[in-house]
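We did not get these values from a lab; they are worked out from the coordinates using the rules stated. Since this is a predicted model, take the numbers as computed values, not measurements. Backbone-built Cβ (ideal geometry, glycine too); neighbour counts: all protein chains shown.
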Ligand code: XUL
Ligand code: MN
């Protein structure tokens, strides 16, 4: 049976266009409006940060967290949407200037853990078992400021504390090699999976691979996905694209390198991704030049590109490919794939 893929994105993917060099250029859509866009764009899953659900989370009581989360859950139910993941936003607080789980100050590490537990409470209330950890500030600007081996221990301590806090949640580590830090401690999926196996409950710790993050690490995203799939630890993806080694661009999926996108779809499809309920997640940014009323097209096009490439994956002739492989004619295979992608 062919997999029917389900797609997700996060509300931050519809944004106002601010960048480090200029302010917002479009009026914001409020959360209620954004939730209303999903189904029309072909999406049924919603990725959250904790404060996408409960704004100003640090200033709220537990009862306030739960009450706001109930309201959002009712909205999701009304629209037939599933919460795919919730991620603690550990990179905006004044208490995470020096990192979150790896901050040198014990009080700041304690804040990070406490905030993560609140995220788990929210996830539970909204009916979601998947906690994403993008370890944004777990790294350094200069190497001498922290112990790299000590940092790994701190991250593991935090993961174990969260596993102990809730017996049901799963932790998905989203690696990224840099930005905002100069150099991050958990840059690739191999690092993330190493942490998973070292954790107190390896069956509940896995990974989420973002195409652009792998490319920024100088790696091939489809191979990174294959690595995680072999370990049965690819629990989500953030498909997008990236034009070379620069800031994290989050460009529309396939918009830079269609062949690279084809191979990501191929590896996911060939390894049965999605059959255990995994979503095809996107993490894409709309161009700053786009008018407000046209600022969701990047989501529509990224999903369509996935489906178009899926058709290419399903229709390329495996026997032809196999014959090229058997005669070790990889030039022939290369050109066959190119012509197939070009519809020849
Ligand atoms: C950062 C990034 C985040 C995570 C969720 O580069 O990709 O949006 O996906 O925290
Ligand atoms: Mn991401």
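Table: residues versus (1) out of contact with any helix residue (DSSP H, G or I) (no Cβ under 7 Å at 6 or more places or on another chain); (2) part of a loop (DSSP other than H, G, I, E, B); (3) within 23 Å of residue 295 (Cβ to Cβ).
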position: 40; (1), (2), (3): yes, no, yes
position: 47; (1), (2), (3): yes, no, yes
position: 51; (1), (2), (3): no, no, yes
position: 74; (1), (2), (3): yes, no, no
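Summed over region 238-278, the residues that are surrounded by fewer than 23 Cβ atoms within 10 Å (Cβ to Cβ), farther than 22 Å from residue 46 by Cβ and within 16 Å of ligand 1 (Cβ to nearest atom) give a count of 5. If you go through region 113-129 one residue at a time, do you hit one that is without any contact (Cβ under 8 Å) to a residue 60 or more places away in the chain, within 16 Å of ligand 2 (Cβ to nearest atom) and touching a strand residue (DSSP E or B) at 6+ places or on another chain (Cβ under 7 Å)? No: region 113-129 contains no residue that is without any contact (Cβ under 8 Å) to a residue 60 or more places away in the chain, within 16 Å of ligand 2 (Cβ to nearest atom) and touching a strand residue (DSSP E or B) at 6+ places or on another chain (Cβ under 7 Å). Selection of first residues in region 266-286 that are within 16 Å of residue 310 (Cα to Cα) and of second residues that are more than 13 Å from ligand 2 (Cβ to nearest atom) and assigned to a loop (DSSP other than H, G, I, E, B), restricted to Cβ pairs under 6 Å at least 6 apart or on distinct chains, gives the following pairs, ordered by first then second residue: 274/3; 274/5; 275/3; 279/6; 280/5. Taking region 178-202 as the range and being surrounded by fewer than 21 Cβ atoms within 10 Å (Cβ to Cβ), touching a helix residue (DSSP H, G or I) at 6+ places or on another chain (Cβ under 8 Å) and at negative phi as the test, the residues that pass are 178, 183, 190, 198, 199, 200, 201, 202. Residues that are in contact with a strand residue (DSSP E or B) (Cβ under 8 Å, 6 or more places away or on another chain) and within 16 Å of ligand 1 (Cβ to nearest atom): does region 139-156 have at least one? Yes, that holds for at least one residue. Please specify each residue of region 304-337 satisfying the condition of being touching a helix residue (DSSP H, G or I) at 6+ places or on another chain (Cβ under 8 Å) and under 14 Å from residue 260 (Cα atoms). 305, 306, 309, 310, 312, 313, 337, listed by residue number.
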